[in-house]
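Bear in mind these aren't lab numbers, they're just calculated from the coordinates by the rules spelled out. On a predicted model such as this, the values are computed, not experimentally measured, just so you know. Please note: Cβ atoms are built from the backbone with ideal geometry, for glycine as well, and neighbour counts cover all protein chains shown.
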Amino acid sequence: MSARARHGSLAVGYVAEGGQVAYYAPPRPSVSWPHQIGVLPRQADCFQDRSAVAQLEQAVVGGGTAVLCQVLAGMGGVGKTQLAAHHARTRWQAGNLDLLLWITAATRTAILSAYTQAAAEILGADATDPEQAARAFLAWLEPNPDRPGRRWMIVLDDLADPADLRGLWPPASQLGRTLISTRRRDAALTGPGRHLVPVGLFTPDESAVYLTTTLAAHEREEPADQLAALAADLGHLPLALSQAAAYLIDADLDCAAYRALLADRARTLTDLLPDPSALPDDQPAPVAAAWSLSIDRADRLPPAGLARPLLHLAAVLDPNGIPASVLDNSPALDYLTEYRAPTTGQAYPDQVTTEDAARVLRTLHRLSLIDHTLRNPQQAVRVHQLIQRTTRDTLTPQHHHRLAQAAADALIAAWPDIERDTALAQALCANTDALARHAEDALYQDSGVHPLLFRAGASLGHAGQADAAVHHFQRMVDVTQERLGRDHPDCLESRESLAFWRGEARDRAGAAAAYRELLADRERLLGPEHPDTLAARVGVVFYTAEAGNWADALAASRQLLADHERTLGLDHPATLNVRNVIADLQGNSGDAAGAAVAFEPLFRDFQRAVGPDDSYTLSIQRQLFFWRGMLGDAADAAAAFEPLLQTMRRTLGADHSQVRVTLNNLAYFRGKAGDAAGTATAYEELAAACERMLGPEHPDTLAAKSDFASWQKRTGESSVHQSTDS
């Protein structure tokens, strides 16, 4: 075997001395320093000086650790390559480097090829053996006291797979710096001596500056509010902003017209961005193709074939946060099983598991296609809105329809019967809204409305957001009337829900009128004694009373109770609810004693019929305590409300609307009992709860804050009086 074969391509001869064999490398070629290998991308027009620029210039990080390798990580299109090129170009032009090596690191072969070129140019290595040449080059980068050191920088741009660097990492050297840009977030890319620099989206200010400057360079000017809105439409993604600006200029469109095209769901994103021949800044691909390779790679990673269908589900939900429980329940897993991509030579189990779904989420996170965190399960998954749109654009109408129904089934399966977790309920409502925006047709079928829409509207209302519930059910009424007809059962149910929440939103007259219209239609369609007809009669009676006609409402409610008892029975929940209405009417018409007497057996009957911790039972108990309090000792009433409040918080959740009503009752009776400090505390808690759930400008929030301020002032005055008396 020759010396070259045994010891590598750098050996070209040998001499024997005392039995020892010495191999010689060829003389190094003459290299002029500084030396650059590879071509840096040209700097983008209107390049933005972002926070990542300053981070790349850091020589040390926390604890004084020297920065020898930096990893720019982020989703496709955020500008990682431009940041890497800007940093390398800045150091090169400042004379801080002897060697700059730029590598487009899409494959291991590309990395080896670049190392081989460097070894050939610097060391005279044999380029026919890339592995050996690469090892020689990496060895040359190592600090060596026997030869002068060279200051070097290696940029591995768009690293596709950390495994491609196995055995090819540049060495840790005080003379050298490694810079990697990648969409990957694997643990293998971080560690001692490696500093992660996350690259995110433009800030709103950066987006505005970029669009303004880019358009101004072409003598174009747009209103600032339109530019801000366009940036938000495109999710502040740098690549999308640059391509949208180019499209505006080439198509001679104004910003408002372009935004109208973007809002048209019948158009794909590809239709609204430049074709590949007109991309700005030497960009290699349009936005719509920016993530295709990452999705393909994710689909090949284990468990194979699931990344794309899971991304489908995420693409029709809320980009700002999808609960983990929505993506790993039975309807979601059924969809993943049905649409799992086939892989040659691999057999799959019959059903995708929860563990499979969790692994796929982590895979999508590692490739920067989603953000996935277990620390916030209510918003565990976030995905950029343009990734969502490009994903939806690939679906056929039939597939999109099936996907929307699967997502709706997954959302309702994730909805708890009792909404103790307010953040989860809010996230589920937001995801329902997103799904309705993307696929409303799939939620309104000839067979009826998907129950998800009724569930979401009720959730809004029971959280105290009556105005939002009104808006939600008004949309349902409009759509069902148009698509299903005014007499369809789901249209009638939507009208009933709208009427109820109009009343809760303090539009009593509107609620009464809506219930009267509903009652007429139900009597015509169902007859006078149908349970749905009786329910409409209850609404008419209640909101007639709320509008001020107590005596007529009380008489009508007693006849209504007799009809319920005859048709539904004494213990039917609807019958018990009529008794609730009667007792409430008694109290509000001035008969507090009659109300207290009526609520006592009603409370026992509700406990027996629906359970002690049901929200209706607890509401009846609250009303019983209230009317007892109106008759007797305020201090006793306040004492009764305190354990009830704790029970409600435990069973219904701290932010349930019934908790706020009970807090208000507690504050009232503490005030009547002369407990200024306790009253102030209750109103302070109430104000915080109202602001958290309803917003700072809601009338209930403002009223609670006003009451808190008033009682807090009385607490101070009381303290002064006590001090003076003593």
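Odds and ends about this structure:
- Tensor-based shape of the stretch 614-726 (alpha-carbon gyration tensor, a/c under 1.5 rounded, otherwise prolate or oblate): oblate
- Only Lys, Arg, Asp and Glu carry charge here, each on its Cβ (+1 for the first two, -1 for the last two); on that basis the chain has a dipole of about 2120 debye about its Cα centre.
- Helical runs (DSSP H, four residues minimum) scored at -39500 (n - 2.57) apiece and divided by the length of the chain put the mean residue ellipticity at 222 nm at -19000 deg cm²/dmol.
- Residue 54/residue 224 FRET efficiency (R0 22 Å; Cβ-Cβ; nearest 0.05): 0.25
- Among [x] 13, 34, 29, 16, 6, 1, 0; [y] 14, 31, 24, 18, 11, 1; [z] 13, 27, 31, 24, 5, 0, the entry that matches P(r) over Cα pairs in 20 Å bins from 0, in percent as calculated here: [x]
- Since only 285, 379, 494 are under comparison, the one whose Cα sits farthest along the positive direction of the charge dipole of the chain, derived from C-beta charges on Lys, Arg, Asp and Glu, is 285.
- Helix 130-141 and the longest principal axis of the Cα set of the chain meet at an angle near 90°.
- Protection proxy ranking of 582-589, 250-257, by the mean of other Cβ atoms within 10 Å over each peptide's residues and highest first, is 582-589, 250-257.
- Less than 5 angstrom separates the built amide H of residue 35 from those of 99, 100, all sequence-distant by 5 or more or on a different chain.
- Antiparallel bridges, percent of DSSP beta bridges restricted to the chain (to nearest 5): 30 percent
- Compared with the dominant Cα axis of the chain, that is its longest principal axis, helix 634-652 is turned about 40°.
- The DSSP beta bridges internal to the stretch 38-179 are antiparallel in roughly 10% of cases.
- Rounded if a/c under 1.5, otherwise prolate or oblate - the stretch 204-288, Cα gyration tensor axes: rounded
- Other-chain or far-sequence residues with amide H under 5 Å of residue 70's (modelled H): 178, 179, 180, 195
- Projecting the Cα atoms of 210, 269, 246 onto the charge dipole of the stretch 204-288 (Cβ charges, centred on the Cα centre) puts 269 farthest toward the positive pole.
- In the chain, taking the dipole from charged Cβ atoms about the Cα centre, the farthest positive-side position among 78, 469, 137 is held by 137.
- Helix 508-526 axis versus longest C-alpha principal axis of the chain: approximately 80°, rounded to the nearest ten.
- Spin-label model distance (nm) - residue 32 vs residue 524, 7 Å beyond Cα toward Cβ: 9.3 nm
- Neighbour-count order for 550, 415, 291, fewest beta carbons within 10 angstrom listed first: 550, 415, 291
- Ordering of 640-646, 145-151 by burial proxy (mean other Cβ atoms within 10 Å per residue, highest first): 640-646, 145-151
- Cα shape, the stretch 35-198, gyration tensor, a/c 1.5 rule: rounded
- Computed from backbone phi, the HN-Hα couplings of the stretch 246-256 come to 4, 5, 4, 5, 5, 8, 6, 9, 8, 4, 4 Hz, rounded to whole numbers (Karplus: 6.51 cos²θ - 1.76 cosθ + 1.60, θ = phi - 60°; Gly and Pro given as x).
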